[in-house]
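In what follows, a structure is listed as structure tokens, so that the remarks can point back to it.
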Amino acid sequence: MALLETLERSFLSHLVATPKGRAHLLNQVADAESNGESKVFDSALALVDDEAIRKLIARHARDEVEHAKMFEDRRDAQGFDVGAAPEHLRLIVRLDKKLGGFFERGVRTRRDVMDAYLMLQVVEERACTQFPKFADAFRATDPVTARVFDEVGKDEERHLKYCRAIAKQYAPSHAIHMLTLAEMRANEAECFVENTRAGFEWVLDGGYTDLSPIERTGWRSLGRLGRIFETPRTTPFATLAAA
């Protein structure tokens, strides 16, 4: 695992070394902050009658809109238009498909509220894990963006508390809550490694890094021979005793 972390940080440094690479990463993060989650917020609000919970959901929704704008601003500051985020690189879309099209079904029952917020929880757990790495990668080339990741990361930690509280309140039982959370984490880990593999190929094919052609070939070989993208990786939150 330590080797994978080292390789990830090394590749990130090559990605953020170019304006195009920085714009791509920020574009992906901005899209992740705004894509899909709004459907959960809107549907959940229609079912929630607890005013305190409604306020949490509304604040969470506002935060995500603000975060997306912050990352979009930093993306635009790179001076490179990378276009719309590729559909096949959207983690939450990949997770939604693995769960059988949760967004299409919508939030219709109290159990759906729990499921929706457990889905959001595992996505937020991934953000809390990745954002410090992104901040560190940007620190040397774009300290302003690094500070944005630091700031948003603190909000994501707060969002985790929202997700835990709402999922717990709407769970049919503690056992179902914990079992579903474990399943969500396992599914997200599979989707994350699939998405990472697809993103790796995308940036190498598109010339987003400062790697030379020979170096790109070396990284492709390393990806295949090192089996970097074959083992699902849960976040550190999966080892915690409590949700």
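State, to one decimal in nm, how far the label point of ARG54 lies from the label point of GLU201, with both points 7 Å from Cα in the Cβ direction.
4.7 nm
Mind checking which of HIS177, ASN195, PRO236 is farthest towards the positive end of region 135-243's charge dipole, using Cβ charges of +1 (Lys, Arg) and -1 (Asp, Glu) about the Cα centre?
HIS177
Which option, (i) 30, 23, 16; (ii) 26, 22, 16; (iii) 32, 20, 15, is the value of semi-axes √(5λ) of the Cα gyration tensor in Å that was calculated from these coordinates?
So the calculated entry is the one marked (iii).
For region 2-239, what's the relative contact order in percent, using C-alpha pairs closer than 8 Å and at least 6 residues apart?
Relative contact order of region 2-239: 27 percent.
With angles folded into 0 to 90 degrees, how steeply does helix 174-206 sit against the dominant principal axis of the chain? Use alpha carbons for both and round to 10.
For 174-206 against the chain, the angle is about 20 degrees.
For a test of understanding, tell me how many lysine pairs in the chain have Cα atoms under 26 Å apart, given they are 8 or more places apart or on different chains.
Taking the Cα cut-off of 26 Å, the pair count is 23.
Could you work out [θ]222 nm for the chain from helices alone, using -39500 (n - 2.57) per DSSP H run of at least four and dividing by all its residues? Round to the nearest 500 deg cm²/dmol.
After summing the helix terms and dividing by the residues of the chain, the value is -25500 deg cm²/dmol.
Among GLU190, GLU33, GLU201, which one moves the most in a GNM of the chain with springs linking Cα atoms closer than 10 Å?
Comparing GLU190, GLU33, GLU201 in a Gaussian network model of the chain, the most mobile one is GLU201.
Taking the Cβ of PRO236 as the centre, find all other residues whose Cβ is under 15 Å away and add up their charges (Lys, Arg: +1; Asp, Glu: -1).
With Lys, Arg at +1 and Asp, Glu at -1, the net is -3.
Taking Cα atoms, how many degrees apart are the long axis of helix 213-225 and the longest axis of the chain, rounded to 10 and kept between 0 and 90?
Compared with the principal axis, the helix lies near 50 degrees.
Given a Förster radius of 45 Å and the C-beta distance between ASP210 and LEU179 as r, what FRET efficiency does 1/(1 + (r/R0)^6) yield to the nearest 0.05? If you can, show how the numbers build up before the last one.
On the way: r = 45 Å, r/R0 = 1.00.
Working from the Cβ atoms, E equals 0.50.
Report, in degrees rounded to the nearest 10, the 0 to 90 angle that the Cα long axis of helix 143-170 makes with the longest principal axis of the chain.
30 degrees
Each reported figure results from applying straightforward, stated rules to the coordinates on display, with no laboratory input. The model shown is predicted, which means the values in this text are computed figures rather than measured ones. All Cβ positions, glycine included, derive from the backbone under ideal geometry; neighbour counts span all protein chains shown.
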